[in-house]
1. I'd like the residue in the range 1-56 that is in a helix (DSSP H, G or I) and acidic (Asp, Glu) and, out of all such residues, is farthest from Ile72 (Cα to Cα).
2. What pairs come out if I take residues in the range 15-26 that are small (Gly, Ala, Ser) and pair them with residues that are in a loop (DSSP other than H, G, I, E, B) whose C-beta lies under 7 Å away, six or more apart or interchain?
3. Please count how many residues of the range 33-58 are at negative phi, free of Cβ contacts under 8 Å to residues at least 12 places away in the same chain, loosely packed, with under 13 Cβ neighbours inside 10 Å and not polar (S, T, N, Q).
4. For the range 24-43, enumerate the residues that are touching a strand residue (DSSP E or B) at 6+ places or on another chain (Cβ under 9 Å) and not β-branched (Val, Ile, Thr).
5. Out of the residues in the range 7-22 meeting the condition of being more than 11 Å from Leu34 (Cβ to Cβ) and touching a helix residue (DSSP H, G or I) at 6+ places or on another chain (Cβ under 7 Å), tell me which one is surrounded by the fewest Cβ atoms within 10 Å (Cβ to Cβ).
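A short reminder: the numbers here are calculations on the coordinates, not readings from a lab. Since we're looking at a predicted model, the values are computed, not measured. Neighbour counts run over all protein chains shown; Cβ positions are idealised from the backbone, glycine included.
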Amino acid sequence: MRKFEIRHKRPECIGCGVCAEVAPHIWSMDEEGLAKLHDVSRVWGEFDYGEVYEACDTELAEAQNSCPVNIINITPIK
């Protein structure tokens, strides 16, 4: 099963909640009203990184494409 890397630039989140709405098993809204990844594997600069399996690929694509500030990037891991 293929894995995907999620790169989320959390400091630029505007709190619209669309990612948490379409993929609640990957994102949630925190007490500040900003989206956060449930499982952050590492943080580098302004980015939180996570990894998920392809079973989530539809939700990942929808979250990435629906983010109004384009702070979500999904990349297949080889």
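1. Residues of the range 1-56 that are in a helix (DSSP H, G or I), as a first pass: 10-12, 18-22, 54-56.
Still in the running and acidic (Asp, Glu): 12, 21, 54.
Details: Glu12: 10, Glu21: 14, Glu54: 16 Å.
Only one residue fits best here, namely Glu54.
2. Once the first residue is small (Gly, Ala, Ser) and sits in the range 15-26, its partners that are in a loop (DSSP other than H, G, I, E, B) give Gly15/Gly33; Gly15/Leu34.
3. Step one: filter the range 33-58 for residues at negative phi, giving 34-44, 46-58.
Retained after the next criterion (residues that are free of Cβ contacts under 8 Å to residues at least 12 places away in the same chain): 40-44, 58.
When the remaining residues are screened for being loosely packed, with under 13 Cβ neighbours inside 10 Å, the result is 41-44, 58.
Subsequent filtering for residues that are not polar (S, T, N, Q) retains 42-44.
Going through the range 33-58 one residue at a time, the tally reaches 3.
4. His25, Trp27, Ser28, Met29, Asp30, Ala35, Lys36, Leu37, His38, Asp39, Ser41, Arg42
5. Looking at the filtered set, the residue picked out is Val18.
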